[in-house]
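Quick notes on the structure that follows.
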Amino acid sequence: MATTDHDYYELLGVGRGASEAEIKRAFRRLARELHPDVSDAPDAHERFREVVEAYEVLSKSETRDLYDRYGHAGLRSGGFQSGHVDFGNLADLFSAFFGDDVLFGGRAGGRARGADVAATVEIDLVEAAHGVTREVPFQAAVSCSRCEGSGAEPDSEITSCPTCGGSGRLQQITRSVFGEFVRTQTCPACSGSGRRIERPCTECRGAGRVVEERTIPVEIPPGIHHGQRIRLSGAGHAGMVRGRAGDVYVEVQILPDERFVREGDDIYATVDLTFTQAALGTTLAIPTLDGEEELELPPGTQPGEIIVLRGRGMPVLQRRSRGDQRILVNVRVPRQLSDEQRRLLREFDEQADDRTYGKSDGLFDKLKSAFR
Ligand SMILES: [Zn+2]
Ligand SMILES: [Zn+2]
């Protein structure tokens, strides 16, 4: 569902100065008129969506303010996603008017989809950089093998539920001041399964499902970020009777790496040089995401200098490119000198002049550019 470009006030048929109560009233009236279960108009579904979206925005002062000031563009930049309209508060509103099952079309309980399962996996930064496959353990309800998910003892009888006649749902026509509505609810006698079990399965006590420990190989793509979730479709809890299974969401946690700090797709590291190494130049082995590497530092390397290894940062998810590795140079100054060392440094100092040091390199500017 795309964000509508229609004016939200026009959609609800209210003026720009409408009060909260007026907006709520207008929404209720339109919702009753346009709800796809009630209306026969071919565009009812689309219009219902638009009206829900308009209400979502105008019923909350933050989003209404944004919309009043900047229109649809303001909502988009403010992070409002109409594709993920939160039905939470709307569901309350609807159930007050129509009964519980109206908003979601009264799915037959007997085919209810299984619930989703959450799992986590920990990997280190180098694994996140290269991608890794991990066996992730989790618990999921699976179809009971003794009764093959039916919930009945093998060879025992299953009849259809006498209360709902096997449909799992009860329909009720309600007359109210708003007109006549067909209200659907899950059959309380069979909890929506539509069946009556004479002898429940001894393994699952009639549930048709048992909880099982499972592990599943999860392919973690290169460049994944801390806290991102990977969805494994259909690997979650088994559904009721003929319902499809839920999904598993695996949250990836990336353990801190003492050598690197990640900032988006770039990684930061430091390198320690002695003041003689910095002055004379040196070659050092430094850690990268691809292993140790020789880094050549020219004579006169300054503290605070940033060495950029282009394309040596984290891979950018689902692209071929990579971020950079940025290395901050730290120069270590001796803390304890012998008499001889002190004499040598004094001698050095006598020979040094302004040219020896050159002009100051603006350490503060470099520091700022490191965190650009
Ligand atoms: Zn069973
Ligand atoms: Zn029933």
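Miscellaneous remarks
- Here the contact order of the stretch 190-264, divided by its residue count and restricted to Cα pairs under 8 Å and six or more residues apart, works out to 23 percent.
- Close amide-amide hydrogen proximity is noted between Val117 and His237, Asp247, Val248, Tyr249, each under 5 Å apart and 5 or more residues distant or on a separate chain (H modeled in the peptide plane; Pro and chain starts excluded).
- Sparsely packed loop sites in the stretch 139-215 (the GluC sites (Glu not before Pro) outside DSSP H, G, I, E and B with at most 14 other Cβ atoms within 10 Å) comprise Glu148, Glu157, Glu198.
- Nonlocal amide H pairs with Arg195, under 5 Å, H built at 1.01 Å: Cys161
- Amide hydrogen proximity for Val331: with H placed 1.01 Å from N in the peptide plane, the residues at 5 or more positions away or on another chain lying under 5 Å are Leu273, Gly304.
- Taking chymotrypsin sites (Phe, Trp or Tyr not before Pro) across the stretch 270-372, the ones in a DSSP loop with at most 14 further Cβ atoms lying within 10 angstrom of their Cβ are Phe371.
- The stretch between Phe275 and Arg346, if pulled fully straight at 0.36 nm per residue, gains 24.1 nm over its current Cα-Cα span.
- Karplus-derived 3J(HN,Hα), 6.51/-1.76/1.60, for each residue of the stretch 274-280, Hz, glycine and proline x: 6, 5, 6, 4, 5, 6, 8
- The 3J(HN,Hα) values that the Karplus relation (6.51, -1.76, 1.60; θ = phi - 60°) gives for the stretch 134-142 are, in residue order, 10, 7, 10, x, 7, 10, 9, 6, 10 Hz. Gly and Pro appear as x.
Read-outs: derived from the displayed coordinates by stated rules, not from any lab. Not measured: the values here are computed from a predicted model. Virtual Cβ from ideal backbone geometry, glycine too; neighbours counted across all protein chains shown.
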